[in-house]
1. Across region 286-299, what is the total count of residues that are in contact with a helix residue (DSSP H, G or I) (Cβ under 6 Å, 6 or more places away or on another chain) and surrounded by fewer than 21 Cβ atoms within 10 Å (Cβ to Cβ)?
2. Is there any pair linking a residue in region 26-48 that is closer than 19 Å to residue 124 by Cβ to one that is assigned to a helix (DSSP H, G or I) and hydroxyl-bearing (Ser, Thr, Tyr), with Cβ under 8 Å and at least six apart or on different chains, and which?
3. Assess whether residue 313 counts as being over 20 Å from residue 150 (Cα atoms), in contact (Cβ under 8 Å) with a residue 12 or more places away in the chain and touching a Gly at 6+ places or on another chain (Cβ under 8 Å).
4. Could you go through region 202-210 and let me know if any residue there is surrounded by fewer than 24 Cβ atoms within 10 Å (Cβ to Cβ), over 24 Å from the mean Cα position of the chain (by Cα), modelled with pLDDT of 85 or more and at negative phi.
5. For residue 267, state whether it is modelled with pLDDT of 90 or more and buried (at least 24 other Cβ atoms within 10 Å of the Cβ).
6. How about region 1-113: which helices (runs of 4 or more DSSP H) wholly inside it have at least 2 residues that are small (Gly, Ala, Ser) and under 21 Å from the mean Cα position of the chain (by Cα)?
7. Looking only at region 132-183, which residues are without any contact (Cβ under 8 Å) to a residue 40 or more places away in the chain and part of a loop (DSSP other than H, G, I, E, B)?
8. So which of 9, 28 is surrounded by fewer than 19 Cβ atoms within 10 Å (Cβ to Cβ) and at pLDDT 90 or above?
Amino acid sequence: MTDRVVRLGLGENRAQFTLLVVVNVFVGAMVGLERSTLPLVGREDFGLVSSAAVLSFIVAFGAAKALTNLAAGTLAARAGRRRLLIVGWAVALPVPVLIGMASSWGWIVAANALLGISQGLAWSMTVVMKIDLVGPKRRGFALGLNESAGYGGVALAAGLSGWLAADAVARDILVVGGAVIAVLGLPITMIWVRDTAAHVALEQSRSHPGVAAQPPSLRSAFARASYREPALRSCSQAGLVNNLNDGLAWGLVPLFLAARGNSVADIGLVAALYPGVWSIAQIASGHVSDTVGRKPLIAGGMLVQALALTLLAVSDGALASAVVAAILLGAGTALVYPTLIAAISDAVTPVDRAPVVGVYRFWRDTGYVLGGLIAGITADALGYQGAIGIVAGLTALSGLWVMTDMPPIDRRRSDR
């Protein structure tokens, strides 16, 4: 690709952007297959009694994905986005094989560690590449489309796997579905996806002339995104808490609903509604954040999530209440999820973007580790409703943190 044909913008890069949207549907579907079935497989196929033991697969997934995100952000600036996306798909290939061959729960945990590495590479690169293509002016909208595609894949796979598991062996559905998705995703990426390094260079030269076009060190990016800069640290903590409650929704809610007598199909409905609403609503929320700002959507979304979890905690597992809670949780997450990455991107230069977003995604996916541990341990000690209530309180505190600590971003500067 030559400099003459490199353009920034959604319309100017429609074909590649659309292709990356399709790729992210497949990336999301790999995780969605597990949303309504894998916790139940732990109970029924492997005889696990402890909630902490069942949720160990989420801890492994989150730890692997978080550390991969941290490395991927720096590697993307050096090795290239496309190469890491291809490696992500290659790592996904053994996952369904390990699940199918598993003779103990440890195999499932190992498979999910590989899945975390795959997701850390593949999802991170689709996010960063879309930001590279569209430039700054429609960044929120582009991220809304990206996350909508990914979590649309999550919702579709969660709903279908739950529905099919009512009449078939749940583990077989995971194996066949995962194999099909991985085998399709890898060649599509290898044949048609192009790298976006030239777009990064063009945006850097336009928006920050005279700034050295060298990515920051991992140490520098980590300090900035973790504690040094209020805009970045507010996003990092909110992302962590968001995925903390997502880990609870993934691993504990199916067990909670099953313990209250709900069927696998009912659990699949709730597991699909939450990411389904999240998927659709964040197209609009990403666009709105481009005009009204990032902070109101992030703080408000965290508080809506806290309300949803509170409703679930007091529902005693009634299906109607769980459905309403899933819709509210999806709506709150839709306000937060694309807006956080857009806010991060507003606050850094183009060459800083991949490393800093990698650090943010490290903290965000560390939320899965903490979510699995907190939800599992407190559920064993206090019951399902106690665990959900504690996570609801943490989510509300996170929203208040954003309200008090996050400064408004000067979008006039970031839109140049």
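The values are calculated or read from the model by the stated rules, or taken from the named source; none is laboratory data. Only a predicted model underlies this, so the values are computations on that prediction, with no experimental measurement involved. Please note: Cβ atoms are built from the backbone with ideal geometry, for glycine as well, and neighbour counts cover all protein chains shown.
1. 1
2. 27/126; 28/151; 30/118; 32/161
3. On the way: over 20 Å from residue 150 (Cα atoms): yes; in contact (Cβ under 8 Å) with a residue 12 or more places away in the chain: yes; touching a Gly at 6+ places or on another chain (Cβ under 8 Å): yes.
Here the answer is yes, as residue 313 does meet what is asked.
4. yes
5. Details: modelled with pLDDT of 90 or more: yes; buried (at least 24 other Cβ atoms within 10 Å of the Cβ): yes.
Yes; evaluated as a whole, the condition is true for this residue.
6. Of the helices (runs of 4 or more DSSP H) lying wholly inside region 1-113, those with at least 2 residues that are small (Gly, Ala, Ser) and under 21 Å from the mean Cα position of the chain (by Cα) span 14-35, 56-79, 81-92.
7. Across region 132-183, the qualifying residues are 167, 168, 169.
8. 9
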